[in-house]
Amino acid sequence: MNITSNIHLAVEACFEELIHDVKIYGPNHCVDHHLLSLHHLLGKNFSNALKIVDEGGVSNLEAKGSGRIIYMVQGKTEQYYTVFPGHYCSCQAFFYEVCQGNALYCKHQLAARMASIMKQHKSACVSGEELAVALMNNVVPRVS
Ligand SMILES: [Zn+2]
């Protein structure tokens with residue numbers, strides 16, 4: 001097992017503890033020690049993610065009937081990125097940093113995950129067709 005794998009396991013353990021504590025004590029409970037651990041492990045991507053969450057930049061779209069959920073996370077401009085928190089983001093950083101093994105997650109993935117855990121995201125219920133359109137419009141990384 002290499003160092004990256006160990007860091008990944010430590011990050012996932014921190015998220016699990018955070019989820020556990022929020023379930024028991026609620027999202028307003030002091031979770032500073034978890035946040036400090038995650039910041040130590042993930043660096044600036046994590047602090048930038050918390051800024052996105054604080055600014056209300058995370059929304060989720062849930063398809064009526066199927067219950068499928070995607071997250072839309074605001075970038076620096078008005079652009080929103082499509083995010084599956086543990087697996088994918090449509091931003092360039094995901095493509096260039098995460099896919100090439102230089103980061104575990106991009107800030108949008110972390111923002112979606114934290115917003116979900118802390119229940120600090122906007123939600124919209126859409127049709128399956130509307131969800132598909134949202135995916136088709138954002139799933140390909142934009143390379144300029
Ligand atoms: Zn991203």
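Quote the relative contact order of region 3-138 in percent (integer), defining contacts as alpha-carbon pairs under 8 Å separated by 6+ residues.
About 27 percent, as a whole number.
Taking Cα atoms of region 3-138, Rg/Rh with Kirkwood Rh, to two decimals?
Details: Rg = 14.8 Å, Rh = 15.4 Å.
When Rh is taken as the Kirkwood radius, the ratio is 0.97.
Using +1 on the beta carbon of Lys and Arg, -1 on that of Asp and Glu, and nothing else charged, what's the dipole of region 3-138 about the Cα centre, debye to 20? Kindly include the intermediate steps, with their values, before the conclusion.
On the way: 10 positive and 12 negative charges, 25 e Å.
Once rounded to the nearest 20, the dipole reads 120 debye.
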Q: Quick one: how many lysine pairs does the chain have with C-alpha atoms less than 17 Å apart and a gap of 8 or more or different chains? Give me the count, please.
A: 9
(Q) Using only the alpha-carbon atoms, what does region 48-128 span along each of its principal axes? Please give whole angstrom values in decreasing order. (A) 37, 25, 24
Q: Using Cα centres only, tell me the gap between region 63-128 and region 5-47 in whole Å.
A: 18
Q. Which listed residue (LEU61, ALA10, TYR80) has the Cα farthest towards the positive end of the charge dipole for region 1-133, taking +1 on Lys and Arg C-beta and -1 on Asp and Glu C-beta about the Cα centre?
A. TYR80
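Write down the percent of antiparallel bridges among all DSSP beta bridges whose residues are both part of region 24-132, to the nearest 5. Mind dumping the intermediate values first?
Values: 11 of 16 bridges.
Taking every DSSP beta bridge with both residues in region 24-132, the antiparallel ones total about 70 percent.
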**Q.** Label-point separation in nm, ASN2 to ALA132, each point 7 Å along Cα→Cβ
**A.** 4.0
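With the cut-off at 12 Å, report for region 1-53 the share of all Cα pairs above it, as a whole percent. Walk me through the intermediate numbers first.
On the way: 920 of 1378 pairs.
Tail of P(r) above 12 Å: 67 percent of Cα pairs.
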Q | Derived scalar couplings ³J(HN,Hα) [region 9-15; Karplus, 6.51 cos²θ - 1.76 cosθ + 1.60; whole Hz; x for Gly, Pro] | A | 5, 5, 4, 5, 5, 4, 4
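A short reminder: the numbers here are calculations on the coordinates, not readings from a lab. Remember, it's a predicted structure, so these values are computed and weren't measured experimentally. Using ideal geometry, Cβ is built from the backbone for each residue, glycine included, and neighbour counts are taken over all protein chains shown.
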